[in-house]
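Report on the structure given below.
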Amino acid sequence: MSDFLARFSFIKSEALATEDGMAFTAAGFDLWPAGGGCTAWRKNLPDGKYLLITGMDGSDHVRLDDEEWLIGLHSDDGCFGWREAVTTEAAIAAATALTL
(Lines give C-alpha, C1' and ligand atoms only; values in the text may rest on other atoms or scores of the structure.)
Protein backbone atom coordinates (compact mmCIF):
# COMPACT_ATOMS: atom_id res chain seq x y z
CA MET A 1 0.00 0.00 0.00
CA SER A 2 1.35 3.43 -0.90
CA ASP A 3 2.02 6.06 1.76
CA PHE A 4 -0.89 8.11 0.41
CA LEU A 5 -3.33 5.18 0.59
CA ALA A 6 -2.17 4.23 4.07
CA ARG A 7 -2.54 7.81 5.31
CA PHE A 8 -5.93 8.29 3.66
CA SER A 9 -7.15 4.95 5.00
CA PHE A 10 -6.24 6.08 8.51
CA ILE A 11 -7.89 9.51 8.05
CA LYS A 12 -11.03 7.85 6.66
CA SER A 13 -11.35 5.33 9.49
CA GLU A 14 -10.96 8.13 12.03
CA ALA A 15 -13.51 10.34 10.21
CA LEU A 16 -16.12 7.61 9.87
CA ALA A 17 -16.01 7.00 13.64
CA THR A 18 -17.07 10.58 14.46
CA GLU A 19 -20.65 11.77 14.94
CA ASP A 20 -20.36 13.86 11.77
CA GLY A 21 -18.91 10.92 9.87
CA MET A 22 -21.71 8.61 10.94
CA ALA A 23 -24.33 11.20 9.94
CA PHE A 24 -22.74 11.85 6.53
CA THR A 25 -22.33 8.12 5.89
CA ALA A 26 -25.98 7.46 6.79
CA ALA A 27 -26.96 10.16 4.26
CA GLY A 28 -24.97 8.45 1.48
CA PHE A 29 -21.75 10.48 1.64
CA ASP A 30 -18.25 9.01 1.68
CA LEU A 31 -14.93 10.58 2.55
CA TRP A 32 -13.15 11.59 -0.63
CA PRO A 33 -9.56 12.65 -1.33
CA ALA A 34 -10.08 15.96 -3.13
CA GLY A 35 -6.46 16.41 -4.20
CA GLY A 36 -3.53 18.30 -2.76
CA GLY A 37 -4.04 16.76 0.65
CA CYS A 38 -7.63 18.06 0.82
CA THR A 39 -10.61 15.93 1.81
CA ALA A 40 -14.37 16.30 1.48
CA TRP A 41 -17.58 14.43 2.10
CA ARG A 42 -18.81 13.40 -1.35
CA LYS A 43 -22.06 11.95 -2.64
CA ASN A 44 -22.31 10.93 -6.30
CA LEU A 45 -25.63 11.62 -8.00
CA PRO A 46 -27.23 9.61 -10.83
CA ASP A 47 -26.88 12.46 -13.35
CA GLY A 48 -23.08 12.58 -13.06
CA LYS A 49 -23.08 15.51 -10.66
CA TYR A 50 -21.90 15.19 -7.10
CA LEU A 51 -22.23 16.96 -3.77
CA LEU A 52 -19.20 18.03 -1.74
CA ILE A 53 -19.29 19.13 1.89
CA THR A 54 -16.25 20.67 3.57
CA GLY A 55 -15.33 23.11 6.29
CA MET A 56 -15.58 26.77 5.22
CA ASP A 57 -12.07 26.92 3.80
CA GLY A 58 -13.02 24.18 1.33
CA SER A 59 -10.02 22.00 2.08
CA ASP A 60 -11.04 19.59 4.80
CA HIS A 61 -13.80 17.18 5.82
CA VAL A 62 -14.00 18.74 9.28
CA ARG A 63 -15.02 22.18 10.44
CA LEU A 64 -13.89 24.26 13.35
CA ASP A 65 -16.43 24.83 16.12
CA ASP A 66 -17.04 28.42 15.09
CA GLU A 67 -17.39 27.90 11.35
CA GLU A 68 -20.07 26.56 9.05
CA TRP A 69 -20.12 23.73 6.55
CA LEU A 70 -19.72 24.63 2.89
CA ILE A 71 -21.95 22.56 0.59
CA GLY A 72 -21.61 22.54 -3.20
CA LEU A 73 -23.26 20.83 -6.15
CA HIS A 74 -20.58 20.04 -8.73
CA SER A 75 -19.80 18.31 -12.00
CA ASP A 76 -16.63 18.05 -14.04
CA ASP A 77 -17.81 21.28 -15.70
CA GLY A 78 -17.95 23.34 -12.51
CA CYS A 79 -20.08 24.29 -9.53
CA PHE A 80 -23.84 24.63 -9.97
CA GLY A 81 -24.67 26.08 -6.59
CA TRP A 82 -23.59 26.21 -3.00
CA ARG A 83 -24.95 26.71 0.48
CA GLU A 84 -23.66 27.14 4.02
CA ALA A 85 -24.96 25.38 7.13
CA VAL A 86 -24.17 25.54 10.84
CA THR A 87 -24.87 21.91 11.81
CA THR A 88 -24.18 18.60 10.14
CA GLU A 89 -27.90 17.88 9.90
CA ALA A 90 -28.48 21.27 8.26
CA ALA A 91 -25.61 20.57 5.83
CA ILE A 92 -27.22 17.30 4.78
CA ALA A 93 -30.59 19.06 4.34
CA ALA A 94 -28.94 21.85 2.31
CA ALA A 95 -27.21 19.29 0.12
CA THR A 96 -30.55 17.59 -0.54
CA ALA A 97 -32.13 20.96 -1.39
CA LEU A 98 -29.42 21.62 -3.98
CA THR A 99 -30.46 18.49 -5.87
CA LEU A 100 -34.15 19.40 -6.11
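The values are calculated or read from the model by the stated rules, or taken from the named source; none is laboratory data. Note that the structure is predicted; figures quoted are calculated from it, not measured. Cβ atoms come from the backbone with ideal geometry, glycine included; neighbour counts cover every protein chain shown. For the accessible areas, the whole protein counts, side chains as well, though only heavy atoms, and no ligand, DNA or RNA atoms are used. Shrake-Rupley method; radii C 1.70, N 1.55, O 1.52, S 1.80 Å.
Checking each residue in segment 5-21 for being part of a helix (DSSP H, G or I) and closer than 17 Å to residue 55 by Cα picks out 11, 12, 14, 15, 16, 19, 20, 21. Residues in segment 44-94 that are within 20 Å of residue 25 (Cβ to Cβ) and in contact with a Lys or Arg (Cβ under 7 Å, 6 or more places away or on another chain): 50, 51, 52, 55, 69, 71, 73, 74, 94.
Within segment 46-73, the set of residues being more than 26 Å from residue 6 (Cβ to Cβ) and open to solvent by less than 40 Å² (accessible area, probe 1.4 Å) comprises 51, 69, 71, 72, 73. Restricting segment 74-91 to residues that are of a type in the set (A, V, I, L, M, F, W, C) and open to solvent by 70 Å² or more (accessible area, probe 1.4 Å) leaves a set whose member that is farthest from residue 33 (Cα to Cα) is 86.
Total residues in segment 33-74 satisfying the condition of being closer than 18 Å to residue 94 by Cβ and touching a Leu at 6+ places or on another chain (Cβ under 9 Å): the figure is 23. If the condition is being at pLDDT 90 or above and within 26 Å of residue 48 (Cβ to Cβ), then segment 61-76 contributes 61, 69, 70, 71, 72, 73, 74, 75.
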